[in-house]
Structures are given as C-alpha cells and as structure tokens.
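The values are calculated or read from the model by the stated rules, or taken from the named source; none is laboratory data. Because the structure is a prediction, the values reported are computed rather than measured. Backbone-built Cβ (ideal geometry, glycine too); neighbour counts: all protein chains shown. Ligands, DNA and RNA are excluded from the accessible area calculation, which covers all protein heavy atoms including side chains. Shrake-Rupley method; radii C 1.70, N 1.55, O 1.52, S 1.80 Å.
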Amino acid sequence: MAAMQQESAIRTSNAARVLIYLLLLLFAFFYLLPLFVMGVNSVKPLSEITGGNMMALPEIWTLEPWRKAWSEAQVGVQATGLKPYFWNSIKMVVPAVFISTVLGALNGYVLTKWRFRGDTILFGLMLFACFIPFQIVLIPMARVLGIFGLAGTTWGLVLVHVVYGIGFTTLYFRNYYAAFPTELVRAAQIDGAGFFQIFWRIMLPSSGPIIVVSVIWQFTNIWNDFLFGASFADFSSQPMTVALNNLVQSSTGVKEYNVHFAGAILAALPTLLVYIVAGRFFVRGLMAGSVKG
C-alpha cells in the first residue's frame, strides 16, 4: 500500500513538473516572439513584409536592410546610418560606467568603514536621488551643462549619466560592504595603510560580484537612455537610441520596416550580449548584495 502511494506521489510530482515546464515554455515563446519577428523580417526584402506574412521565414534572404541601417540609411538631415552614433554611444557609456562605478565604490567604502556624523542622512539623500524622475532635472541640468560648456557634447552626456547613476552604484556598494569585516580595515590601519591603500588592496579585490552588478546596471540604463540623449546631444554627439528614432521618423513614403527592424536589433545588441555573457553573474551579485546588506 505504501509503495502504491509513493508511486502515485511520484507520478503526480512528474505531472506537475511537466505542467510547469510547459507553462514556462509558453511564456518564453510569447516573450521571444517579438525578437523572432524582428530578426526574421530584418533579413527579408520589403516586398515580402508588405505583401506577405510577417511571421513567415524569408523566401529570399538578404542582408541589405542591415547594411542600410548601419551605413546608408537617412538619419535626421544627414545621409548616414547608425554607425557613427554607435561609436557615440560607446564613447559615452564606457567612461560613464567606469566613473560612476568607481565613485559608487568609494562612497560605499566611506559610508560603511569610515563612519562620520551625518553619514546616514547623506546616504538617505543619495538614495532619494534614485527616485527623482528624469523630467525634473532636464532644465537644471541643461543650465549646468551650459555653464560648464558641455552642452551638446558627449562629455556632457557622460556627466549627466554619472550624476544620475551615483545614487544606484552607492546603494549597491554600500549594501555589499556593510558586512565586510571591519576588523580587516582596522588591522590595515594599524599596519599603516592609508585610505586609498585599503580601498585598492583590500576592498576592491573582494568586490567582483557587486562590480558586475553595477557595470551591467549602468551599462544597460545608459545605453538604452533616450530622454537625456534627445535633450542634451546635438547631431555630432547623438547616441544610438536617438539615431534609431531619427531613422524610423525620417522614412518618407513607404516605410522600410526591414531596415527599421535591423536598426532596432543593432541598437539592442550590446545590452543583449552583456546579459547573455554576464547575466548569471548579475543575479549572483544582486543576491550577494542583498544578503550582505
């Protein structure tokens, strides 16, 4: 009797597991369906899209839409594709991510291992900055960029994203460093190590998981940002997202949907690759930060 009950429980467990997997596959299908439509239609001639089924595989495979989106499509008033704006985004993202991550690590280090009067209030203000809507800072930031002579430049966008990202990176590193053994810091101080020696030789080498979290978070937010790029950049410094919008809006007459799909994939490809390569480290770093916070 017990064996029959155990066998029945196993069958029920297996059926439940199969049902869960089927539901997950169904959700994954609907989630990936837009990407499939974009990918398939980006390698079709336009005639197959306007006069056929967008879900069908191409009858004629072509990379011409990708070439036009990258180097020949009309963007705004310039006869150029997304290529120069891709490099604008790279020149904006790399320094902004690096600077905001380093400053966040320093802030987290100071707020946990070099306590001072009012540090909790300061951290609360920095945390509050994470919830300030983008729209509120547009006019003040435009004034600041004008005063510094950075309006319409890539370095102006770097400054904007560094300022807006410091709150998040400080939060991540502060939570991560909160459980780091303070005794190690005190012992290093007794041995004569200074502020930056402790930071570079003790804190940073143990910060790999949270550095990955900070880099992925900042990279994704900065690369995908449209509002700041549209507000503070000119034609020579526009990032990829603004150029993609111009690409879509500049089409006159028949919309070149295959070119638009190819351009959208090109714009999304860097963040997609980042999550494919380092996504598991992002989750581990978040869990480490939450446990240690």
If A56 passes every condition in (1) surrounded by fewer than 18 Cβ atoms within 10 Å (Cβ to Cβ); (2) within 21 Å of the chain's Cα centre (by Cα) but one, which one does it miss?
-> (2)
Within the bounds of the stretch 124-142, is there any residue that is of a type in the set (G, A, S) and part of a loop (DSSP other than H, G, I, E, B)?
-> no
Starting from the stretch 183-206, take each residue that is over 14 Å from A105 (Cβ atoms) and list its partners that are among the β-branched types (V, I, T) and modelled with pLDDT of 85 or more, counting only C-beta distances under 9 angstrom and pairs at least six apart or across chains.
-> L184/I198; L184/I202; V185/I198; V185/I202; A188/I198; A188/I202; Q189/I198; A193/I202
Scanning the stretch 232-243 for residues that are outside any loop (DSSP other than H, G, I, E, B) and either within 17 Å of the chain's Cα centre (by Cα) or modelled with pLDDT of 90 or more (or both) gives F232, M240, T241, V242
Would you mind stating whether L25 is open to solvent by 60 Å² or more (accessible area, probe 1.4 Å), part of a helix (DSSP H, G or I), within 18 Å of L269 (Cβ to Cβ) and modelled with pLDDT of 85 or more?
-> no
Tell me, please, whether a residue that is part of a loop (DSSP other than H, G, I, E, B), of a type outside the set (S, T, Y), within 22 Å of V215 (Cα to Cα) and open to solvent by 40 Å² or more (accessible area, probe 1.4 Å) can be found in the stretch 84-103.
-> no
Only listed residue being open to solvent by less than 90 Å² (accessible area, probe 1.4 Å), at pLDDT below 85, within 26 Å of the chain's Cα centre (by Cα) and not charged (D, E, K, R), chosen from S42, S71 = S71
